[in-house]
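Here the structure is laid out as structure tokens; the discussion comes afterwards.
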Amino acid sequence: MCRAYNRHALKATAKPRDASAAAITASALLELSRYSGDKGKKYVAAAVQLLHSLGSPAYRAPAGSNENFLLLHSVGSIAHSFEIDTPIIYADYYFVEALYRYKQLLKGKEAPIK
């Protein structure tokens with residue numbers, strides 16, 4: 001059954017934007033930066049770039065719209081043709097988590113681990 005889903009994913013012609021994947025990646029990069037020594041700066045820079053993109057009008061929903069979700073344009077599963085270009089709760093969760101991690105980093109409370 002899994003192969004059928006993979007075939008669907010490979011045949012998909014639409015290239016939907018996925019704010020949920022970007023939010024998860026931003027949060028993960030900020031966490032990874034803590035364990036990466038000198039390379040950590042590159043991870044932080046990439047995470048900040050993602051956060052700026054997610055916070056832009058292209059992905060950030062205006063207040064009171066989008067059923068009160070923060071982010072637009074998430075994808076649950078292309079392979080299952082499920083939740084395509086829709087708000088998803090975990091996108092908002094990881095976006096807020098990434099913002100919190102970045103705020104803590106700026107305060108010096110999450111300094112890179114040596």
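Here are the numbers for this structure:
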read-out	value
Subset of segment 77-114 [among the small types (Gly, Ala, Ser) and either within 15 Å of Thr25 (Cα to Cα) or modelled with pLDDT of 90 or more (or both)]	Ala91, Ala98
Selected residue [among the aromatic types (Phe, Trp, Tyr), farther than 21 Å from Lys15 by Cβ and assigned to a helix (DSSP H, G or I)] from Tyr35, Tyr93	Tyr93
Yes/no for Ala28 being modelled with pLDDT of 70 or more and in contact with a Leu (Cβ under 6 Å, 6 or more places away or on another chain)	no
So Ala63, is it part of a loop (DSSP other than H, G, I, E, B) and of a type outside the set (D, E, K, R)	yes
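The values are calculated or read from the model by the stated rules, or taken from the named source; none is laboratory data. No experiment lies behind these values; they were computed from the predicted model shown. All Cβ positions, even for glycine, are placed from backbone atoms using ideal geometry, and neighbour counts span all protein chains on display.
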